1. Among the residues of region 79-103, which ones are assigned to a strand (DSSP E or B) and either more than 16 Å from A131 (Cβ to Cβ) or open to solvent by 30 Å² or more (accessible area, probe 1.4 Å) (or both)?
2. Taking P106 and the conditions (1) within 10 Å of the ligand (Cβ to nearest atom); (2) open to solvent by 20 Å² or more (accessible area, probe 1.4 Å), which numbered condition does it fall short on, given that it satisfies the others?
3. Considering each residue of region 175-185, count those that are crowded, with 17+ Cβ neighbours inside 10 Å and in a loop (DSSP other than H, G, I, E, B), and give that number.
4. Just need a number here: residues in region 1-27 that are charged (D, E, K, R) and at pLDDT 95 or above.
5. Among the residues of region 157-174, are any touching an Asp or Glu at 6+ places or on another chain (Cβ under 6 Å), open to solvent by 50 Å² or more (accessible area, probe 1.4 Å) and not in a strand (DSSP E or B)?
6. Select from region 186-229 the residues that are assigned to a strand (DSSP E or B) and open to solvent by less than 70 Å² (accessible area, probe 1.4 Å) and write down the one among them that is farthest from the ligand (Cβ to nearest atom).
7. Every residue in region 15-26 that is under 22 Å from I222 (Cβ atoms) and open to solvent by 10 Å² or more (accessible area, probe 1.4 Å), please.
8. Which pairs turn up if I take residues in region 11-26 that are more than 7 Å from the ligand (Cβ to nearest atom) and look for partners that are open to solvent by 20 Å² or more (accessible area, probe 1.4 Å) and assigned to a loop (DSSP other than H, G, I, E, B) with beta carbon separation below 7 Å, at least 6 apart in sequence or on another chain?
Amino acid sequence: MDKKSVPAHVAIIMDGNGRWAKSKGMPRTIGHAKGAQNLEDMLYIADELGIKYLTVYAFSTENWKRSEDEVLALMNLFRQYLRNGFRKAAKNNVRIRVIGYRPGLPKDLQDLADEIEEFSKDNTGLQFQIALNYGSRDEITRAVKQIAEEVKNGTLSPEDISEETITKHLDTADIPDPDLLIRTSGEQRLSNYLLWQLAYTEFYYTDTHWPVFGKKELQDAIEWYQTRDRRYGNAK
Ligand code: FPP
């Protein structure tokens, strides 16, 4: 694959764990565990294909409405994933960041997120963002509150507020906007994901469920992306 036109930043909505498990007659939580395993594989595949930034939607601000059992199982999966992340990040030079409303997470997960970010901050390989308790409207609301505080305390004047000011107050400040968004499992909604950041992004949808979205499927998405006429956003 021609590395030059590989999208620098790929964002993924990892949908369909539950449907995949159901199709195999297994509980939803097995689907999530298989989804987590797939995400791990995907990091190496993305890196190998030349992708620099990967941002995945792991848990939305709306996902708290799922059953208590499912929420608990997901939180345990995130714990396990972040704990293993230290060794994996060191071994593969991956930088890990967690985006979303962190104070809304269980305290030990907040601490793990802080620690893994600090631990991996100088890694120069794949830049990997996990959206946990993330909602784009919530992120923009938090940014607006911070900007309002700066105006109130006199460090910012309203005339100086620009698109750049808003970008810099988002959880993704310092991360370039995604070039390609992939949503698996057939739905074609944005589900409150990166609304500001996806303004010029190409959207790719596939019926494949996340647990079985592999290298071939990612290559198909990239090949589709390469046929697009990129006139905006990060396009050269
Ligand atoms: C969507 O499937 C998936 C999620 C809500 C959670 C995504 C979580 C993972 C892939 C687990 C691994 C992630 C990390 C960071 C360890 P769904 O439950 O909405 O499936 P359905 O639409 O078929 O019911």
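The values are calculated or read from the model by the stated rules, or taken from the named source; none is laboratory data. On a predicted model such as this, the values are computed, not experimentally measured, just so you know. With ideal geometry, Cβ positions are generated from the backbone for all residues, glycine too; neighbour counts draw on all protein chains shown. Heavy atoms of the whole protein, side chains included, go into the accessibility calculation; ligands, DNA and RNA do not. Shrake-Rupley method; radii C 1.70, N 1.55, O 1.52, S 1.80 Å.
1. R95, R97
2. Result: P106 fails condition (1) only.
3. Adding up the residues that qualify gives 6.
4. Pass one, region 1-27, residues charged (D, E, K, R): 2-4, 15, 19, 22, 24.
With the extra rule that they be at pLDDT 95 or above, the set shrinks to 15, 19, 22, 24.
Summing the residues that are charged (D, E, K, R) and at pLDDT 95 or above in region 1-27 gives 4.
5. Within region 157-174, the subset touching an Asp or Glu at 6+ places or on another chain (Cβ under 6 Å) is 170-171.
Then keep just the ones that are open to solvent by 50 Å² or more (accessible area, probe 1.4 Å); that gives none.
Scanning region 157-174, I find no residue that is touching an Asp or Glu at 6+ places or on another chain (Cβ under 6 Å), open to solvent by 50 Å² or more (accessible area, probe 1.4 Å) and not in a strand (DSSP E or B), so the answer is no.
6. E202
7. The one that is under 22 Å from I222 (Cβ atoms) and open to solvent by 10 Å² or more (accessible area, probe 1.4 Å): D15.
8. Here the result reads I13/S191; A21/P27, each pair linking region 11-26 to a residue that is open to solvent by 20 Å² or more (accessible area, probe 1.4 Å) and assigned to a loop (DSSP other than H, G, I, E, B).
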